[in-house]
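Working notes, beginning with the structure itself.
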Amino acid sequence: MISQKLQDAFNEQINKELFSEYYYLSMAAYFNTIGLDGFENFFLVQVQEERFHAMKMYRFVNERGGRIYLKKIDKPKTEFKSALEVLELAFEHEKYVSKLINELMDLAIKENDHATKSFLNWFIDEQVEEEDSMETIVNKLKLIGGKGNGLLMLDKELAGRVFTPSAK
Ligand code: MG
């Protein structure tokens with residue numbers, strides 16, 4: 001059985017993952033508007049990732065005899081200036097999520113809940129990937145100056161991203 005404190009913390013984190021889904025959907029919509037379909041695809045895959053994160057926690061809380069309490073999802077930012085701005089915001093957001101996951105782990109350690117610690121290890125590893133994938137695109141955008149042929153080539157590369165839940 002999961003403790004009340006951990007149950008509350010997971011419900012909060014599920015809300016953050018669902019906000020992430022919403023935030024990245026807003027970013028995808030921006031890229032659709034400016035004609036960068038590959039970037040749109042990258043963020044639509046990210047949307048699926050965030051729902052997957054939320055559902056993974058949803059199942060875990062239920063398996064541990066806890067209860068899910070859904071909360072209000074914040075309105076995401078809807079206006080962006082450039083691809084670089086979007087990716088910098090996404091990178092900042094993933095660093096923030098990593099901090100939240102680390103705090104969840106701190107609580108699991110404090111509560112001496114070994115099952116939750118084991119469960120959260122997956123998320124600790126996942127956040128390394130999430131930060132890296134955003135940072136890589138930020139760096140590439142800076143290299144190409146965020147425009148021209150370089151931007152179109154990067155867009156083409158990002159069009160190839162697919163969601164693979166089986167690998168999770
Ligand atoms: Mg996430």
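The values are calculated or read from the model by the stated rules, or taken from the named source; none is laboratory data. Bear in mind the structure is a predicted one, so any value in this text is a computation, not a measurement. Don't worry about glycine lacking a Cβ; one is built from the backbone with ideal geometry, like all the others, and counts go over all protein chains shown. Please note that ligands, DNA and RNA were not included when accessible areas were found on the heavy atoms of the full protein model with its side chains. Shrake-Rupley method; radii C 1.70, N 1.55, O 1.52, S 1.80 Å.
What shape does segment 1-57 have by the C-alpha gyration tensor, where a ≥ b ≥ c are the square roots of the eigenvalues, rounded means a/c under 1.5, and otherwise prolate means a/b greater than b/c and oblate the rest? Prolate, since a/c reaches 1.5 and a/b exceeds b/c.
Compared with the direct C-alpha span, the chain from L152 to A29 gains 42.5 nm at full extension, assuming 0.36 nm per residue.
Of the DSSP H helices in the chain, those that are both long (alpha-carbon extent of 30 Å or more along the helix axis) and hydrophobic (Kyte-Doolittle mean at least 0.0) are 83-110. Shown here for segment 1-104: chymotrypsin sites (Phe, Trp or Tyr not before Pro) in loop regions (DSSP other than H, G, I, E, B) with at most 13 other Cβ atoms within 10 Å, namely Y69.
Among residues other than K72 whose Cβ falls under 13 Å from its Cβ, what is the net charge (Lys/Arg +1, Asp/Glu -1)? Cβ neighbours under 13 Å give a net charge of +1.
Using a probe of 1.4 angstrom and keeping all protein chains present, the accessible surface of segment 12-168 works out to 54 square angstrom per residue.
Relative to the 2.2 N^0.38 Å rule of thumb, the chain has a C-alpha radius of gyration ratio of 1.11. Which lysines have a Cα lying under 18 Å from the Cα of K147, excluding residues fewer than 8 positions away in the same chain? The reachable lysines, counting only those whose Cα sits under 18 Å from K147, are K81, K156. Ignoring any ligand, DNA or RNA, what whole percent of the accessible area of segment 20-168 comes from carbon and sulfur when the probe is 1.4 angstrom? Carbon and sulfur: 54 percent of the exposed surface of segment 20-168. Taking 0.36 nm per residue of separation and subtracting the current Cα-Cα distance, fully stretching the chain between K99 and A115 would add 3.7 nm.
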